[in-house]
Amino acid sequence: GGTTEITLIAAFILGLLALMGYVQILLVFTIIILTLLSLKLEIQNIAGRLSKDEIIALVRFVILAGLALPLLPDKTIDPVGVFNPREIMLIIILISGLSFLGYLLTKFLGAKKGIVLTGMVGGFVSSTAVTWVLSKKSSENSNLSVSYAAAILLACSIMPLRVLVITGIFNSSLVPFIAAPMLLLSVSGIIYGWLLSKRKQEKLPDNEEEEVNSDNPLNLADALKFTALFTLILYFVHFSIKYFGAAGALAASAIAGITDVDAITISMAKITDNSIAEIVVLNAILLATLSNNFFKIILCLIKGSKEMRKYILTGFSILFAAGGIGFLILNMIN
């Protein structure tokens, strides 16, 4: 290919940056170029495994992130001061990007290499989707109930880490306070899920595909649905706080967390106008996380096998106990 020629042009441009004194930008681009060159063979192998649809999805994502986002106004445009076009587009990019990352991880690592991979990779994409798919599978293959329960618990234990990352993206000042409860939730669930997976070493059937991703790599449709839900929750939280204060924020988190924890997390993390106390925001995020886990218990009890339910109830009891301790820690340190 044209790697040598492109690198030659890049080297010339880097020389101009050095001459003009843009040392930090120069170092960043130099490291990126060196990394890409050193991983040339690996990148070629990965590119060779990408289908036409996946490459088109990658191009669409780059267009959204590189072109559409900067062109949108970074200010609220509605009468109540809630709807910010650039922030809404950022949500679309974030959710579609996470979905695309999960799709690629599943494609290149394989979702059938074990329950740990299935649960943890799925947890980064959607722990609710993992719970829905695997609880149904357990009723069809009850002899794998232990493994399915372990995978669900591992996925649900990854979810607090995702909440922590999303909180940090939209309000980094909250991270030092919410980190301890979220890590406690995550670590306790991962330990139990890992021990459960070691209890009975079953292998997933060769004819079963434990897919938790959509067939659409970028999945913009789901990202748009999520963003619409997020926008509704944003207004819901705004008016709940306006008319009911802290109690409204907690009630909104408990209700919204049943369906999706990411949207309410972003909505609460974006509250920076001191309309409610920071401790209420922190409690609301943790409450939404536990509310979402409660919904997953219901899913498992309805769709899961009888054998799986006892493991699920034990695992989620540990998670709720950790959540209770997390509430104590959160309110003691604040």
Checked region 152-165 for anything over 11 Å from Val187 (Cα atoms) and either surrounded by fewer than 20 Cβ atoms within 10 Å (Cβ to Cβ) or small (Gly, Ala, Ser) (or both); matches are Ala155, Val165
Check Ile276, Ile285, Ile297 and return the single one that is crowded, with 18+ Cβ neighbours inside 10 Å and not in a helix (DSSP H, G or I).
Ile276
Check every one of the helices (runs of 4 or more DSSP H) wholly within region 1-119 and list those with 3 or more residues that are modelled with pLDDT of 80 or more and within 30 Å of Phe236 (Cβ to Cβ).
85-109
Which residues, taken from region 242-260, are under 17 Å from Ile285 (Cα atoms) and surrounded by fewer than 22 Cβ atoms within 10 Å (Cβ to Cβ)?
Gly245, Ala246, Ala247, Gly248, Leu250, Ala251, Ala254, Ile255, Ile258, Thr259, Asp260
Can you run down the residue pairs with Cβ atoms below 7 Å, 6 or more apart or on separate chains, where the first is in region 170-190 and part of a helix (DSSP H, G or I) and the partner is of a type in the set (D, E, K, R) and open to solvent by 10 Å² or more (accessible area, probe 1.4 Å)?
Phe170/Lys270
Phe230: passes all of (1) modelled with pLDDT of 60 or more; (2) open to solvent by 20 Å² or more (accessible area, probe 1.4 Å); (3) within 26 Å of Ala57 (Cβ to Cβ) but (2)
Could you list, in sequence order, all residues of region 12-31 that are under 21 Å from Leu41 (Cα atoms) and surrounded by 11 or more Cβ atoms within 10 Å (Cβ to Cβ)?
Phe29, Thr30
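The values are calculated or read from the model by the stated rules, or taken from the named source; none is laboratory data. If you're wondering where the values come from, they're calculated on a predicted model, not measured in any experiment. Cβ coordinates were reconstructed from backbone atoms using ideal geometry, including for glycine residues, and neighbour counts include every protein chain displayed. Side chains are part of the model used for accessible areas, which takes the heavy atoms of the whole protein and leaves out ligands, DNA and RNA. Shrake-Rupley method; radii C 1.70, N 1.55, O 1.52, S 1.80 Å.
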